[in-house]
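The values are calculated or read from the model by the stated rules, or taken from the named source; none is laboratory data. These figures come from a predicted structure and were not determined experimentally. Here the Cβ positions follow ideal geometry from the backbone for every residue, glycine too, while neighbour counts run over all protein chains shown. Calculation scope for accessible area: heavy atoms of the full protein, side chains included, ligands and nucleic acids excluded. Shrake-Rupley method; radii C 1.70, N 1.55, O 1.52, S 1.80 Å.
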2 protein chains.
Amino acid sequence: MASPLKITLFFSIFAIFLVSPITSKTHPLDSLTPSEFLLVRAIVTQSYPPSHHKLTFQYVGLEEPEKPLVKSWLLKPSSNPPPRQALVVIRLNHQTRELIVDLSKRSIVSDRLYGGSGYPLLTIEEQEAAANLPLKHEPFLESIKRRGLNISEVVCSTQTIGWYGELKTKRELKVTCYYLNGTINMYLRPIQGITIVADIEEMKISEYTERDVPPLPKAAGTDYRASTITPPFGPRFNAAPPTPSGQRGFKFDGNVVSWANWKFHLGFDARVGPVISLASFYDADKKKHRQVMYRSFISELFVPYQDPTEEWYHVTFFDCGEFGFGIYAVSLEPLNDCPSNAVFVDGYYAGQDGKPVRVPDVMCVFERHSGDVMWRHTEAEIPNQKIREVRPDISLVVRMVSTVGNYDYVLDCEFKPSGSIKFAVGLTGVLEVKAVPYTHTDQIREEIYGTLIADNTIGVSHDHFVTYHLDLDIDGDTNSFMKTHLITKPVSDKKIPRKSYWNVEHEIVKTESDAKIQIGLDPVELLVVNPNKKTKLGNKVGYRLVPGSVASPLLATDDYPQTRGAFTNYNVWVTPYNKSEKWAGGRYVDQSRGDDTLAVWTEKNRNIENRDIVVWYTMGFHHVPCQEDFPMMPTLSGGFELKPTNFFEYSPVLKTLPPQHLNWPDCTK
Amino acid sequence: MASPLKITLFFSIFAIFLVSPITSKTHPLDSLTPSEFLLVRAIVTQSYPPSHHKLTFQYVGLEEPEKPLVKSWLLKPSSNPPPRQALVVIRLNHQTRELIVDLSKRSIVSDRLYGGSGYPLLTIEEQEAAANLPLKHEPFLESIKRRGLNISEVVCSTQTIGWYGELKTKRELKVTCYYLNGTINMYLRPIQGITIVADIEEMKISEYTERDVPPLPKAAGTDYRASTITPPFGPRFNAAPPTPSGQRGFKFDGNVVSWANWKFHLGFDARVGPVISLASFYDADKKKHRQVMYRSFISELFVPYQDPTEEWYHVTFFDCGEFGFGIYAVSLEPLNDCPSNAVFVDGYYAGQDGKPVRVPDVMCVFERHSGDVMWRHTEAEIPNQKIREVRPDISLVVRMVSTVGNYDYVLDCEFKPSGSIKFAVGLTGVLEVKAVPYTHTDQIREEIYGTLIADNTIGVSHDHFVTYHLDLDIDGDTNSFMKTHLITKPVSDKKIPRKSYWNVEHEIVKTESDAKIQIGLDPVELLVVNPNKKTKLGNKVGYRLVPGSVASPLLATDDYPQTRGAFTNYNVWVTPYNKSEKWAGGRYVDQSRGDDTLAVWTEKNRNIENRDIVVWYTMGFHHVPCQEDFPMMPTLSGGFELKPTNFFEYSPVLKTLPPQHLNWPDCTK
């Protein structure tokens, strides 16, 4: 373990800050601290004493201050920050209420009954309670016995049920059960043929049907722990070289990270996980920090499975809005999840009782030495001169991992000295599988909706659509969205024997409908520009969205899951900034009806020119499972980039000095 | 500098091997050694004594042995390898001849006059000679004087002229000149308004036209050397942590590299640069090395510029076939081009006189610790169990950099423990620019064919199309190409409220024409499968081509450059293996007429089912320059992946043990 001292030292500083009372050091965008969660809880329970009410906290998070207030505070950080407020969603006596709690006034400043469709984020506690219901449900116990299984080896888990046109809904979950007995990889041993629905308001089983008894996949070969695997082992690899002591390269001031020319605020939210705010780049020539991104986070993650049979058709998860990427964030393992030079930070969210739950080491920040080249040139054409200049690449990574049941999502945000910000998602963990009687493809005479990846095991085909909320403020908050079309043209000059070339045509997009883009063969570059700022040469100051991992949904547009996930109908959308439009799938996603999505908001076709705008980008993966994904998926990665394009007058890494390389110490000398 | 001892030691071993006589240790796919180059030269000059002939060596490289010979040698490496032969292309008395030289027989076994269109690879020497012609050409000297410039600060360079329908052609180059005077970044100071054509057979200027005198861009701000740049400097970054001594993780046996489960042969060729052969993966369960890739290299790189005016329309380079990626490969800088754990190898090519030219440190091989996660899972749902297993990612990178004039191409081939092979190209170096009178976009009233990136400087728009020759042999050499279509289907079961899902349909592609693919919105996965091998479960053993950095050409299909570059018309092509079809743009690319390209070969529409097949993949970039690219481009990267898909029975990294982490030594203790 490299430099545990450093890490501990950092933690203690951070911990002191976190538990200290709200001071002038609080940044307006800081996530709620443990003491603030306790204060929120105290204020809410004062109005709604649990002794008189059935009260659960479904979501507690920072109620973002108005953007202008944050911006004016930034100009004078010694001034009082905007009032600290929390957005609180509670279930109170079987109804959803939305509260705004003011922490300085110590009062509820807004209290609204929510009467629309859909339900709030689920709590861990109610899911655990629902998952335990079958274990005391007589028909289930009998079935387990009939199947010759041992109930003490059964573990159940919950799934959201989606919405399929029902006029009336209840807060219900489906419960699926798995068998351990010889493995800890429960997901690969589904106990199938049973449908169990739990009413989570009454916390009882509301529906129980057993249809058939498919075979139970074997435990053998499913365990993935180093302590249990059997030969032949894979190769043992060298560890990454440890970082020289004291070498971090970045610093935290509260939750503001400074590294190289970058400065940004790091937050953590129960619903969306990591939140990067106020990313700015210090322009050494202009001698100032220039704004790039006001706020970014993963707004929603839609994962529709492609098995339309009774036990599976509902499996169409919305991981942020239903489960919470922050709630399911896991503690990172030093040296393996993040390298030896990483600094780890804790995260907090409110439990069902409103008390803060600590997730130790929930995010890490580290310098990445990828081994790539930042820039280089060898000049061989000038007589008698040997010129070679090379700069190795380096970047700063912010990482969080959210493990929503079987899948582990490695979420990275990477800052580059060139001014680029890269977002990446790595998908690993365990596949969601279906038990079948088959042990060879030759036996299969029906549609199987996936791939036979092990005996009696179908890895069910599915998609992952990760939708980012990117509130870019390119050198100020009034921006435009620009399409740079690459257009083939004929050569008009008859003296020229060439027939064609391409040139660019810039289109400033006026309204939301023209900013809905399916990325495909069309040669176009997508940019956010500041129409009020130009470089000395007159080019529009901008950032380009460089797509990657593009996939479009394949469900019918009018199918229920796709109506709810309609925000994935396009890879790119642009909206005018609206504080309430944060979650692309809507505020209440569990059993949502698709009436509060990005697709609905943009029907207004608002003006987006020369305004504060938000870009929504969806990274997509179609996942046809393969045997290599069993029993543990090698990480599948995708990403995209925000790249400065005429934002700087010249290369911002030109004047990067070569690093001073160290030797591996030789203590014998 | 980390471990110079290790590097030196390795070099000396390698060097001994390279200069040793041909022994039974020679691998049939080894690149020609210096002594072999000398032997080839001796054999050729014996037949064509330079005293009696005008003789230049345009290309000398390994004439690959027939594939079956190599494969049978592999089964018994103690047997005699197939005869060592060289393919030699010479210009002899102003004609192109193609020779096969047998090194064991010490004789020319085939000698053919080439009468078709196009010319062979250019030599460095003839380009240098042509580039020096203007410096003694009176009209040019007068022009330089008239422009008030100093001839001693002028450096000229050559460009290929392309082909624009001429019935008769000569071996000619265009010569473009640049002005240093205050910079070493010559490309950013083009002396424009002059067209100079050099006849390189007569080695004289055959055409000289001065049209106008555009302004010369300034030297200020163009130099990129750390020794000359002026404040404000960029941030100084931490170097990558140095590698503990002795920690390489891979070994060379001759030119065969072994790392983890991978084994492959590494070659170097004047035309295409790095050649990876016989990549196989040791399957610990099957207890054998399984074939994946017989041979891969960059077959051609097409770079059409998009300025159709007199001085620029011809600028449509084919970097492999005209200039040679290996000939222009540069020595890598330890620690900056490749990290401290890299091992460097030298490369050799034949100079114009046939003698070997050594490029020290032309390739490097290193373990990459990217900071990514190979796989992980946290299991939180099993009561009373804390389970977390994480494996950090590691890979092996083979790197070469080719600097063809202004552009530096960083070519990576990366092997992953998961069985994936990733190919990546990083583009950096200096833009090709055009001098213009403008210093602000407001002054521009005409089409400028690019972006104003500095005063008087247009970064001209262009494309890069990198076409890979991928001779995959998936678990044997008879393979098929398979499209896995993702197809939306309606739900037929009326009891199910969901309306749609997608499922896969596999299509084995029969002929070349059905394997021509433009990658776009169509949801399809592309695989090479071995139809004769199945997993225990019955899935077809295969590898998937996962595209990345896709771009399609925008020139008119019947335009001359596009006819010559017609191999880029599709992103993917599949052909039956044919030893002579190595270079997608044809054998003689300089002034080629497009009659010998991949697009022409595939017109035969040959059968590709259950045969030895070759996949051709084109990575593309449309490059609209921006100010950040001045004066030195931050690396722009792209890549694609070959990913095992039902090749293994289960995850090949499941049984990878966690690495043993080291501490940074504390010598005070």
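Roughly how crowded by other chains is peptide B:406-413, in terms of the mean Cβ count from those chains within 10 Å of each of its Cβ atoms? If you can, show how the numbers build up before the last one.
Numbers: counts 3, 1, 7, 0, 5, 0, 3, 0.
The mean count of partner-chain Cβ atoms within 10 Å per residue comes to 2.
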> Which angle from 0 to 90°, rounded to the nearest 10, does the C-alpha axis of helix A:34-47 make with the longest principal axis of chain A?
Replying inline: 50
> Any idea what the A:Ile487 label distances to the other copies are, label 7 Å down the Cα→Cβ vector, nm, shortest first?
Replying inline: 4.0
> Angle, helix A:4-19 long axis vs. longest principal axis of chain A, Cα atoms, 0 to 90°, nearest 10?
Replying inline: 80
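Taking R0 as 51 Å, what FRET efficiency do you get between B:Leu657 and B:Thr195 from their Cβ-Cβ distance, rounded to the nearest 0.05?
Values: r = 64 Å, r/R0 = 1.26.
The computed FRET efficiency comes out at 0.20.
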> What quantity of accessible surface, computed with a 1.4 Å probe and excluding non-protein components, is buried in total between chains A and B, in Å² to the nearest 100?
Replying inline: 15400
> Just going by the charge dipole of chain B, with Lys and Arg at +1 and Asp and Glu at -1 on Cβ, which of B:Pro134, B:Pro383, B:Ile200 is farthest out on the positive end?
Replying inline: B:Pro383
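Past 25 Å, Cα to Cα: identify those pairs from A:Lys434/B:Lys540; A:Lys386/B:Lys204; A:Lys386/A:Lys655; A:Lys218/B:Lys263; A:Lys483/B:Lys499, in the order given.
On the way: A:Lys434/B:Lys540 21 Å; A:Lys386/B:Lys204 28 Å; A:Lys386/A:Lys655 20 Å; A:Lys218/B:Lys263 34 Å; A:Lys483/B:Lys499 35 Å.
Violating the 25 Å limit, Cα to Cα: A:Lys386/B:Lys204; A:Lys218/B:Lys263; A:Lys483/B:Lys499.
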>> What does the extension gain come out to for B:Ile382 and B:Glu447, with contour length at 0.36 nm per residue minus their alpha carbon separation?
In response: 16.8 nm
>> Which residues does the label zone of B:Thr511 cover in the range B:578-612, counting backbone N under 20 Å from a point 7 Å along Cα→Cβ?
In response: B:578, B:597-612
> Put simply, what bits of the range B:543-575 lose 30 Å² or more of accessible area when the other protein chains are there, versus the chain on its own (1.4 Å probe)?
Replying inline: B:Leu554, B:Asp558, B:Asp559, B:Tyr560
> Taking the label point 7 Å from Cα in the Cβ direction, how far apart in nm is A:Gly254 from each other copy of itself, listed shortest first?
Replying inline: 6.6
> Considering protein heavy atoms only and a 1.4 Å probe radius, which residues within the range B:487-515 exhibit an accessible-area decrease of no less than 40 Å² in the full assembly relative to the chain by itself?
Replying inline: B:Thr488, B:Ile496, B:Pro497, B:Arg498, B:Lys499, B:Ser500, B:Tyr501, B:Trp502, B:Asn503
>> Give me P(r) over the range B:310-385, computed from all C-alpha to C-alpha distances, binned every 5 Å, as integer percentages.
In response: 3, 11, 12, 12, 11, 10, 10, 8, 6, 5, 3, 3, 3, 1, 1, 0
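In debye, nearest 20, what is the charge dipole magnitude of the protein assembly as shown about its Cα centre with +1 on Lys and Arg Cβ and -1 on Asp and Glu Cβ, if you could check? Numbers along the way, then the final one.
Details: 144 positive and 156 negative charges, 379 e Å.
The dipole of the protein assembly as shown has a size of about 1820 debye.
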> Can you pull the percent of chain A's accessible area that's carbon plus sulfur, 1.4 Å probe, other chains left in place?
Replying inline: 52
> Once the piece of chain linking B:Phe233 and B:Arg211 is laid out straight, how much longer is it, given 0.36 nm per residue of separation minus the C-alpha distance between them?
Replying inline: 3.8 nm
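Leaving out ligands and nucleic acids, and using a 1.4 Å probe, what accessible area per residue does the range A:94-165 come to in Å²? Show your work: numbers first, answer last.
Numbers: 3270 Å² over 72 residues.
That works out to 45 Å² for each residue.
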> Can you pull out the chymotrypsin sites (Phe, Trp or Tyr not before Pro) in the range B:183-236 that DSSP calls coil and that have at most 13 other Cβ atoms within 10 Å?
Replying inline: B:Phe233
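Based on the Kirkwood radius over alpha-carbon pairs, what value in µm²/s does the Stokes-Einstein equation return for the translational diffusion coefficient of chain A at 37 °C and 0.692 mPa s?
121
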>> For the range B:234-343, what does the accessible surface come to per residue with a 1.4 Å probe? Please give it in Å².
In response: 23
> Which is farthest toward the positive dipole end of chain A among A:Ile43, A:Thr403, A:Met186, measuring Cα position about the Cα centre, with Cβ charges +1 (Lys, Arg) and -1 (Asp, Glu)?
Replying inline: A:Ile43
>> Explain nothing, just the number: dipole magnitude of the range B:124-210 about its Cα centre with +1 on each Lys and Arg Cβ and -1 on each Asp and Glu Cβ, in debye rounded to the nearest 20.
In response: 300
> So what is the relative contact order for chain A, in percent, with contacts set as C-alpha pairs under 8 Å and at least six apart?
Replying inline: 13
>> Distance between the C-alpha centers of the range A:594-669 and the range B:179-215? Whole Å please.
In response: 42
>> Could you tell me which residue out of A:Leu69, A:Ile608, A:Val550 lies farthest along the dipole of chain A toward its positive end? Charges go on the beta carbon: Lys and Arg +1, Asp and Glu -1, centred on the Cα centre.
In response: A:Leu69
>> Just to confirm the numbers: B:Thr441, label point 7 angstrom along the Cα-Cβ line, distances to the other copies in nm, shortest first?
In response: 5.3
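Dipole size in debye (nearest 20) for chain A around its Cα centre, Lys and Arg Cβ +1, Asp and Glu Cβ -1? Walk me through the numbers before you get to the answer.
Working: 72 positive and 78 negative charges, 522 e Å.
Roughly 2500 debye for chain A.
In peptide B:380-389, how many Cβ atoms from other protein chains are near each Cβ within 10 Å, on average? If you can, show how the numbers build up before the last one.
Working: counts 5, 13, 7, 4, 0, 3, 1, 5, 10, 10.
Going residue by residue through B:380-389 and averaging, the value is 6.
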>> Need the full-extension length gain, A:Ile496 to A:Leu69, defined as separation in residues times 0.36 nm minus the C-alpha distance. One decimal, nm.
In response: 147.8 nm
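Shielding of A:445-453 by partners, i.e. mean partner chain Cβ atoms within 10 Å per residue? Could you put the intermediate results ahead of the total?
Values: counts 0, 0, 5, 2, 4, 2, 5, 5, 6.
Average neighbour count from other chains, rounded to a whole number: 3.
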> For the protein assembly as shown, list the cysteines whose Cβ sits under 4.7 Å from no other cysteine Cβ?
Replying inline: A:Cys320, A:Cys413, A:Cys626, B:Cys320, B:Cys413, B:Cys626
>> I'd like the residues of the range A:609-640 whose 1.4 Å-probe accessible area shrinks by no less than 40 Å² going from the isolated chain to the full set of protein chains.
In response: A:His622, A:Val624, A:Cys626, A:Gln627, A:Glu628, A:Met632, A:Pro634, A:Thr635
